[in-house]
Amino acid sequence: DQQVKQNSPSLSVQEGRISILNCDYTNSMFDYFLWYKKYPAEGPTFLISISSIKDKNEDGRFTVFLNKSAKHLSLHIVPSQPGDSAVYFCAAQPTTDKLIFGTGTRLQVFP
Amino acid sequence: DTGVSQDPRHKITKRGQNVTFRCDPISEHNRLYWYRQTLGQGPEFLTYFQNEAQLEKSRLLSDRFSAERPKGSFSTLEIQRTEQGDSAMYLCASSFGGVNEQFFGPGTRLTVL
């Protein structure tokens, strides 16, 4: 069973606009959520995270929103830049141990 | 460079051979994780260590897989009698206990012919 779902396999956004990447989860016991960015032939790079006790966390151009009642989180990137083009993974953690990843969304930012 | 390192970066082997991968975590991190990623999927958890103790193993980790972290520093992942279905990217990550964020190495891409 897929506990973390990213239903959009790809997203294309113009440079300077907002990118919104979505993630849904099924397990209400998840305690922490993280977003990772991955370039080809590299390991995932940590971007931003949020605790289940919060509904928003912001770091520069990146903001993560958490809606616990809907079991939904989203990553907003404003403004989008060509260097943001990568695969983005949402991950959930039940406690401070393993990560459970979604299948990823490929973001392409075009000029 | 003080990030997570993995060796080798690429490994091509024939079915039935044994392979071993190494991971060196960030030096002050006491937790070390192994994940596997196949095409079109997110990384899947395999196992993790706190210091030298292996605390959890996924049901994905068949008897042909074994992982060690003998001195609580680097770790090795061995796959015996490789099968074509073992072809994947094997990722290592580390963290400091009590901190949620995990930091990944570049991965070892295994191809089983």
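The values are calculated or read from the model by the stated rules, or taken from the named source; none is laboratory data. Quantities reported herein were computed from a predicted structural model and do not represent experimental measurements. Note: ideal-geometry Cβ built from the backbone for every residue, glycine included; neighbour counts use all protein chains shown.
Are any residues in segment B:39-93 without any contact (Cβ under 8 Å) to a residue 60 or more places away in the chain and in contact with a Cys (Cβ under 6 Å, 6 or more places away or on another chain), and if so, which ones?
B:Ser75
Is it the case that segment A:60-79 has a residue that's at pLDDT 95 or above, more than 24 Å from B:Arg31 (Cβ to Cβ) and in contact with a Gly (Cβ under 8 Å, 6 or more places away or on another chain)?
Yes: one or more hits.
In segment B:78-109, what count of residues is obtained for those that are within 18 Å of B:Gly40 (Cβ to Cβ) and at the interface with chain A (Cβ under 7 Å from one of its Cβ atoms)?
Narrowing segment B:78-109 to residues within 18 Å of B:Gly40 (Cβ to Cβ): B:84-91, B:107, B:109.
From what's left, at the interface with chain A (Cβ under 7 Å from one of its Cβ atoms): B:91, B:107.
Matching residues across segment B:78-109 total 2.
In segment A:1-21, what residues are under 25 Å from A:Pro94 (Cβ atoms) and in a loop (DSSP other than H, G, I, E, B)?
Hits for segment A:1-21 are A:Asp1, A:Gln2, A:Gln3, A:Gln6, A:Asn7, A:Ser8.
Mind telling me which of the residues A:Phe30, A:Phe46 ends up being of a type in the set (Phe, Trp, Tyr), assigned to a loop (DSSP other than H, G, I, E, B) and within 12 Å of chain B (Cβ to nearest Cβ)? It would help to see each step written out before you state the result.
Values: A:Phe46 fails: assigned to a loop (DSSP other than H, G, I, E, B).
Of the residues listed, the single one that is of a type in the set (Phe, Trp, Tyr), assigned to a loop (DSSP other than H, G, I, E, B) and within 12 Å of chain B (Cβ to nearest Cβ) is A:Phe30.
Considering every residue within segment B:77-84, establish whether at least one is assigned to a loop (DSSP other than H, G, I, E, B), within 17 Å of B:Arg9 (Cα to Cα) and at pLDDT 95 or above. Write out each step before concluding.
Filtering segment B:77-84 down to residues assigned to a loop (DSSP other than H, G, I, E, B) leaves B:80-83.
Now drop any that are not within 17 Å of B:Arg9 (Cα to Cα), which leaves none.
Looking through segment B:77-84, none of the residues is assigned to a loop (DSSP other than H, G, I, E, B), within 17 Å of B:Arg9 (Cα to Cα) and at pLDDT 95 or above.
Identify the single condition in (1) within 14 Å of chain B (Cβ to nearest Cβ); (2) within 16 Å of the chain's Cα centre (by Cα); (3) of a type outside the set (A, V, I, L, M, F, W, C) that A:Lys98 does not satisfy, given that it satisfies every other one.
Among (1) within 14 Å of chain B (Cβ to nearest Cβ); (2) within 16 Å of the chain's Cα centre (by Cα); (3) of a type outside the set (A, V, I, L, M, F, W, C), A:Lys98 violates only (2).
Against the condition assigned to a loop (DSSP other than H, G, I, E, B) and either under 14 Å from the mean Cα position of the chain (by Cα) or in contact (Cβ under 8 Å) with a residue 40 or more places away in the chain (or both), how does A:Pro40 come out, does it pass? Step through it out loud before you land on a result.
Details: assigned to a loop (DSSP other than H, G, I, E, B): yes; either under 14 Å from the mean Cα position of the chain (by Cα) or in contact (Cβ under 8 Å) with a residue 40 or more places away in the chain (or both): no.
Answer is no for this residue.
How about segment B:75-113: which of its residues are over 10 Å from the mean Cα position of the chain (by Cα) and among the polar types (S, T, N, Q)?
B:Gln80, B:Thr82, B:Gln84, B:Ser87, B:Ser94, B:Ser95, B:Asn100, B:Gln102, B:Thr111
Which condition from (1) basic (Lys, Arg); (2) farther than 29 Å from A:Cys23 by Cβ; (3) without any contact (Cβ under 8 Å) to a residue 60 or more places away in the chain is the one that B:Arg36 breaks?
Of everything listed in (1) basic (Lys, Arg); (2) farther than 29 Å from A:Cys23 by Cβ; (3) without any contact (Cβ under 8 Å) to a residue 60 or more places away in the chain, B:Arg36 misses just condition (2).
Can you work out which of the residues in segment B:26-76 that are under 17 Å from B:Gly105 (Cβ atoms) and aromatic (Phe, Trp, Tyr) is farthest from the other protein chains (Cβ to nearest Cβ)?
B:Phe74
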